[in-house]
Amino acid sequence: MGVQGAPFETELEYLAEGCQGDPLVQSAVLSFHQQTALKGIPTRAQLVDRWEAVRRAACQLSTIPQGQGGPLSIAVATLASALKLREDSSKSGPEGLSQGGTETHLAYAEACLVSGQLSTAASHIQKLVQGTEAAPLVQDWVKATHTRAMAEQTSALLQAHAATLAASLS
């Protein structure tokens, strides 16, 4: 499976041209970076497929401060993470995070991802790995997940706007 969804630059251009007098649509079109439209945005399924690698990197390297990860410390962290038991995501929630360790936070982020709370999942992982050796390894997934969430919000806004315009014409 590819890393990105299909490009949508042409569709974005059609939308901008067809709605030139509508400032809301123009703002929505401008919210997409040209590179994003050219490359496409990862689908939810693609983000979920990449989750296991993100979870593994965060679990293994989130305890090592960035710049401090020599080969021995990374090997020990990898071994330690392999010996940990994975927590059930249904038992973790916002209220249990303060007492939980890395696995609790990962289970919470996974539950958010699966339930469609993409921004929450990405922000949570980003906060978990900030300043650690895991940060650079999960950065791409975090960015892609935020981009998908923004695209879905923009799409919902445009659909609501179109419905309002259609209702006002009848």
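The values are calculated or read from the model by the stated rules, or taken from the named source; none is laboratory data. Not measured: the values here are computed from a predicted model. When we count neighbours, we look across all protein chains shown, and the Cβ atoms used for this are built from the backbone with ideal geometry, even at glycine. Only protein heavy atoms, including side chains, enter the accessible area calculation; ligands, DNA and RNA are left aside. Shrake-Rupley method; radii C 1.70, N 1.55, O 1.52, S 1.80 Å.
For this structure, a couple of remarks:
- Nearest-10 value in Å² for the accessible area of Lys39, using the 1.4 Å probe: 120
- Residues whose amide H comes within less than 5 Å of that of Thr132, counting only those at least five positions distant or on another chain, are Gln66 (H built at 1.01 Å from N in the peptide plane).
- Global size of the stretch 1-51 as Cα Rg and Dmax, reported in angstrom: 13.1, 41
- Under the simplified labelling scheme, the Arg44-Ala166 pair shows an inter-label distance of 2.1 nm, with each label point 7 Å from Cα along Cα→Cβ.
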